[in-house]
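Some notes on the structure that comes next.
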Amino acid sequence: MENISDSELWSRIVMFGEAARKWRQKFLGLLPEVARRELWRVHGFESVFVFAFKVGGVSKEQVERVLAIEERLRDKPVLHGMLISGEVSVNKIVRVVAVATPENEQALAGQVKLLSQQAVETLVRDMKSYEIMGKSQVRLENVSNQFSFVRVHSEESLGLNQEVVSKLQVLKQKGIDINEAFLTFLEQRDQDIQQVKENIAAEVETQTSSRYIPANVRRIIAKEYGIKCAISHCQKPSRNIHHTARYSMIRNHNPNFLAPLCRQHHEIAHAIDARVQKMKYRHIGNT
């Protein structure tokens, strides 16, 4: 062992760690059936918890969690199959249980397979937010297309400085409707931004082989969306500018089809796009 290099040692650790993780997932997936058949009793163990710990090094808490999840997925065969086969981790599946239904489980299963655990958490949080907002039937495709940057703030959270507050108070004392003044300003701002975007769109209409987004495009996107993710109610910093129309199809950087996303929402958008494309090509292949 002392004769192997650091890089070779690291490669072995990563390889064995990945293999251990996969076999652990499969072991956990089998536990509900072991419990149902009481195989632990047949083989002389005190309980399924003792069996799981001694054979697989799995804690009682982990066993309780997988048994509870399996019970809740009985009417969702796709997600249930992914759990008992060990196809994906229990940690991912446990996060979607709260929003999974027989109607949406097929779409959720596709996302769980493609997304990282952090992105799955973000997707579930989005779905819960839309349900609270009275949009319980929101399709998964719509989650990645909510590129409106609308946020509701109280006056205290707006962070207005004293100069602005004083001027607003003067306008109010003069009988000027502050709400109307703000709306007029915001509408004009939106029009100005859209005009700049249209001008840029005309300039970048021709296709380009460069994936680098020009500085003027980045500036207008930043002016429109600020520094946060464009998904409504997401307060995470934007990390990537996403092409809402596939770059491979339009081959340009039209700002009308760009939006800044946080790392998790960018991952979700690409995962949904990959699933849509897969379904599209499968359909074409069957025609």
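Let me check against my output: what whole-number percent is the relative contact order of region 155-286, with C-alpha pairs under 8 Å and at least 6 apart? Before the final figure, lay out each step's value.
Working: 106 pairs, mean separation 27.6, N = 132.
Value for region 155-286: 21 percent.
Distances between placed amide hydrogens fall under 5 Å for residue 240 paired with 261, all partners being 5 or more residues away or on another chain.
The listed peptides 72-80, 197-205, ordered by packing as a protection proxy, come out as 72-80, 197-205 (highest mean of other Cβ atoms within 10 Å first).
Tell me, what is the FRET efficiency for residue 219 and residue 78 to the nearest 0.05, using R0 = 41 angstrom and their Cβ-Cβ distance as r?
Details: r = 44 Å, r/R0 = 1.09.
The value I calculate is 0.40.
Expressed in nm to one decimal, what extension gain is obtained for the pair residue 107 and residue 170 from 0.36 nm per residue of sequence separation less their Cα-Cα distance? The partial results should precede the final answer.
Details: separation 63, 0.36 × 63 = 22.68 nm, distance 5.41 nm.
17.3 nm is the gain from fully extending residue 107 to residue 170.
Going by a ≥ b ≥ c, the root eigenvalues of the Cα gyration tensor, does region 6-142 fall in the rounded group (a/c under 1.5), the prolate group (a/b larger than b/c) or the oblate group?
Numbers: a/c = 2.68, a/b = 1.37, b/c = 1.96.
Because a/c hits 1.5 or more and a/b fails to exceed b/c, region 6-142 counts as oblate.
Efficiency by 1/(1 + (r/R0)^6): what FRET value for residue 67 and residue 208, r their Cβ-Cβ distance, R0 = 45 Å, to the nearest 0.05? The value I calculate is 0.25. Between residue 188 and residue 46, residue separation times 0.36 nm minus the direct Cα-Cα distance comes to 43.8 nm.
Could you sort 232-243, 53-64, 181-192, 112-123 so that the peptide with the highest average Cβ count within 10 Å comes first and the rest follow in order?
Working: 232-243: 16.7, 53-64: 14.6, 181-192: 10.9, 112-123: 19.2.
Ranking the peptides 232-243, 53-64, 181-192, 112-123 by packing returns 112-123, 232-243, 53-64, 181-192.
With both labels modelled 7 Å from their Cα along Cα-to-Cβ, the residue 33 to residue 201 distance reads 5.5 nm. Ranked by the mean number of other Cβ atoms within 10 Å of their residues, highest first, the peptides 165-176, 40-51 fall in the order 40-51, 165-176.
Extension gain, residue 6 to residue 21, is 3.2 nm, computed as 0.36 nm per intervening residue step minus the present C-alpha separation.
Enumerate the whole-percent occupancy of each 5 Å bin, from 0 to the last occupied one, for all C-alpha pair distances of region 155-286. All Cα pairs, binned at 5 Å, distribute as 2, 9, 13, 16, 15, 14, 11, 8, 6, 4, 2, 1, 1, 0 percent.
Each value in this text was obtained by applying a stated rule to the coordinates, not by laboratory testing. Note that the structure is a prediction, hence the values are computed from the model and not measured. Quick reminder, even Gly has a Cβ in these numbers, built from the backbone with ideal geometry, and neighbours come from all protein chains shown.
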